[in-house]
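Here the structure comes first, spelled out in structure tokens, and everything after it is commentary.
The values are calculated or read from the model by the stated rules, or taken from the named source; none is laboratory data. Just so you know, these numbers come straight off a predicted model, no measurement behind them. Cβ sites come from the backbone with ideal geometry, for glycine too, and all protein chains shown count toward neighbours.
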Amino acid sequence: MMWMDLAPMCAEHVPLGPLTWFGLGGTARVLATVSTQAQLRTVLARACEVDLPVYVLGAGANVLVGDGGVDGVVVRLKGGDFEQTQWDGPRVVAGAGVDIASLTLAAVRRGLAGLECMAGIPGTAGGTVCMNAGGRFGEIKEAVRRVWTVHRSGCCREWNQEEAEFEYRRSALTGHIIERVAFELVPDDPGRVMQRYREIWEYKKQSQPLGRGSAGCVFKNPPGESAGALIDRAGLKGTAVGGATVSEAHANFIVVRSSATASDIIELIATVQQRVEEEFGVTLEPEVQIWGDCGQAARWQSREGLACT
Ligand code: EPU
């Protein structure tokens, strides 16, 4: 009722499973698909008016939606302003909804280095920058020069790399909605950039279960350790709860069958945490973003949506 006047941009009680790589979980109270900054501001103003938290969904590659769904407004930045890329020599400004794999490949083909470390990491420009995605080959922060955000209160801000305070899988941008990002890449020999990109892809293909049905690494690496190696050494590969299993290919991945529920994954996460703690005295912290009700079994907080402050 409250959102019908904003149809088709906004729809109520929409299943989020198909929009995430796990492919499961409940519905969004409201799903808003916006393609312009003006539409985004309209949705944010309405969310504030009715006092609902806002969640931003990128490619859904690192999000676990609880079975009870999300009691808030889930915003997707799709098409229009948000999927534009503007190249200017070694610089590119990308809308937050731009697919990072396509952007990486476009850069590699132009002989521009700096994004190859993103090979095999799914996501949008906004999502990967917000979380400072990356791995042993580098992090996206190295290529970020400027970020434009809007706060849910409607306040706009421009950030340079330092102000964004990038750290391991986090940044000060959390709590703001990224609208676009400027990357500064490094001209290099196209053959060499392509070769490095292929090598990283090859490493990922051999060591990780790529594709849907998982959300990449589930836990952050504890300082100086690899979460995958610890889980593996605890003998947990193949451990299953319902339709969720610790991957045999890489122990920091949980893979799901179509029958799996979010509760299965959450219970499996808690089991892994407990066993690794017993074995090595290390507490693993989830890297995957958990939205909505995550049940009593889990010893962590689900990620809050952005409140109207
Ligand atoms: N290892 C095991 N068993 C396993 C998995 C890994 O023994 O089941 C060992 C490996 O042999 C290696 C070490 O653990 O010696 C580290 O493994 P890997 O190189 O796969 O890296 P990782 O630390 O597990 C990180 C990122 C990944 C990224 C890779 C490669 C985190 C939490 N993970 O994984 O990122 O793809 O490096 O760049 O930072 C993600 O963030 O979702 C993600 C997949």
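Taking each residue of region 202-215 that is near the ligand (Cβ under 10 Å from one of its atoms) and looking for partners that are part of a helix (DSSP H, G or I) with beta-carbon atoms closer than 7 Å, six or more apart or interchain, yields L210/K204.
Against the definition (outside any strand (DSSP E or B), under 21 Å from the mean Cα position of the chain (by Cα), surrounded by fewer than 23 Cβ atoms within 10 Å (Cβ to Cβ) and not basic (K, R)), how does A38 come out, yes or no? Please lay out each step first, then the result.
On the way: outside any strand (DSSP E or B): yes; under 21 Å from the mean Cα position of the chain (by Cα): no; surrounded by fewer than 23 Cβ atoms within 10 Å (Cβ to Cβ): yes; not basic (K, R): yes.
Criteria not met by A38.
Close contacts from region 80-97, counting a first residue that is on the phi > 0 side of the Ramachandran plot and a second that is surrounded by fewer than 16 Cβ atoms within 10 Å (Cβ to Cβ), with Cβ to Cβ under 9 Å and a gap of 6+ residues or different chains, come to G80/T36; G89/P187. Taking region 77-97 as the range and being crowded, with 23+ Cβ neighbours inside 10 Å and of a type in the set (A, V, I, L, M) as the test, the residues that pass are L77, V92, A94, A96. Residues in region 148-161 that are of a type in the set (A, V, I, L, M, F, W, C) and part of a strand (DSSP E or B): W148, V150, C156, W159. Screening G213, G175, G191, G238 for residues that are at pLDDT 95 or above and assigned to a loop (DSSP other than H, G, I, E, B) leaves exactly one candidate, G238. Being in a loop (DSSP other than H, G, I, E, B), small (G, A, S), modelled with pLDDT of 95 or more and buried (at least 19 other Cβ atoms within 10 Å of the Cβ) is a description that applies to A164. I'm trying to understand the selection: among the residues of region 250-272, which are within 15 Å of L64 (Cβ to Cβ) and touching a residue at least 40 places away in the same chain (Cβ under 8 Å)? F253, I254, V255, V256, A260, T261, A262, S263, I265, I266, I269, V272, listed by residue number. Could you grab me the full set of residues in region 224-244 that are within 21 Å of the chain's Cα centre (by Cα) and more than 7 Å from the ligand (Cβ to nearest atom)? Matches in region 224-244: A244 only.
Listed here are the residues, each with its yes/no results for (1) within 16 Å of the chain's Cα centre (by Cα); (2) of a type in the set (G, A, S).
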{"residue": "C130", "(1), (2)": "yes, no"}
{"residue": "A133", "(1), (2)": "yes, yes"}
{"residue": "E139", "(1), (2)": "yes, no"}
{"residue": "R146", "(1), (2)": "no, no"}
{"residue": "H151", "(1), (2)": "no, no"}
